[in-house]
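A short worksheet on the structure shown next.
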Amino acid sequence: AQYPKANVRLEYLHPNRVYEAVENDEADLGLVSYPRSSRTLEAEIWRQEPMVLVAAPDHSLSKKTSVALEALAGEPVVAFESGLIIRREIDRVLQLRNIEVRVAMEFDNIETIKRAIEIGAGVSLLPEPTVLREVEAGTLAKVPLETNELVRPLGIIHRRGKQLSTTARRFVELLKSRGAEDNAAEAKQRRKG
């Protein structure tokens, strides 16, 4: 709305494909979790998203005010595919606590994980901002974790040494200002309890 003549095309891709698209100049920018710089790409953190337990509204864990990671033991879990960084990070934290989960399904994207949770396939650990719409609609329930060990960093990647277009620069500025606003609002909400 601020820049009506700007042309922005948005695509959802596997994280590896996002890196390839930016590296091969098929995209000016990429938004990825757990961003990493390379010889040809520069990455910067955009925002930090706390992970929450997500369950169907009628699931017994959805009634709790907070939940320990240990509550996942024995529960069917709808997980990220094992090759994704977010899955490796979740597995690392669970392994540190000696928590074994029963993976019922694996997917490479959050939208499919949410649909599987809605039909009762299991529970999952997802970034809180990604489920707010479904929680508000009553199709999913989110429960804060009793630990703050699981946080998903989201970042912006672009080609190193490449001058961004005016539109791309403005888009990054908009993302950063919105990310700062969202982080402040989420911190305020957590302080309220």
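Observations, loosely collected:
- Once the range 29-45 is narrowed to residues that are under 18 Å from LEU126 (Cβ atoms) and outside any loop (DSSP other than H, G, I, E, B), the residue that is least open to solvent (accessible area, probe 1.4 Å) is VAL32.
- If the condition is being open to solvent by 70 Å² or more (accessible area, probe 1.4 Å) and not acidic (Asp, Glu), then the range 138-181 contributes ASN148, ARG160, GLY161, LYS162, GLN163, ARG169, ARG170, LEU174, LYS176, ARG178.
- None of VAL54, VAL103, VAL123, VAL67 is open to solvent by 20 Å² or more (accessible area, probe 1.4 Å), in contact (Cβ under 8 Å) with a residue 12 or more places away in the chain, under 20 Å from the mean Cα position of the chain (by Cα) and farther than 30 Å from ALA168 by Cα except VAL103.
- Being basic (Lys, Arg) and either modelled with pLDDT of 95 or more or closer than 13 Å to VAL54 by Cβ (or both) is a property that does not hold for ARG170.
- Count of residues meeting criterion [modelled with pLDDT under 90 and either surrounded by 18 or more Cβ atoms within 10 Å (Cβ to Cβ) or under 30 Å from ILE119 (Cβ atoms) (or both)] in the range 1-28: 7
- Hits in the range 79-92 (condition: touching an Asp or Glu at 6+ places or on another chain (Cβ under 8 Å) and open to solvent by less than 20 Å² (accessible area, probe 1.4 Å)): ALA79, PHE80, LEU84
The values are calculated or read from the model by the stated rules, or taken from the named source; none is laboratory data. Everything numeric here is computed off the predicted structure, so don't read it as measured data. Here the Cβ is made from the backbone with ideal geometry for all residues, glycine too, and neighbour counts use every protein chain on show. These area figures cover heavy atoms from the full protein model, side chains too; ligands, DNA and RNA do not enter into them. Shrake-Rupley method; radii C 1.70, N 1.55, O 1.52, S 1.80 Å.
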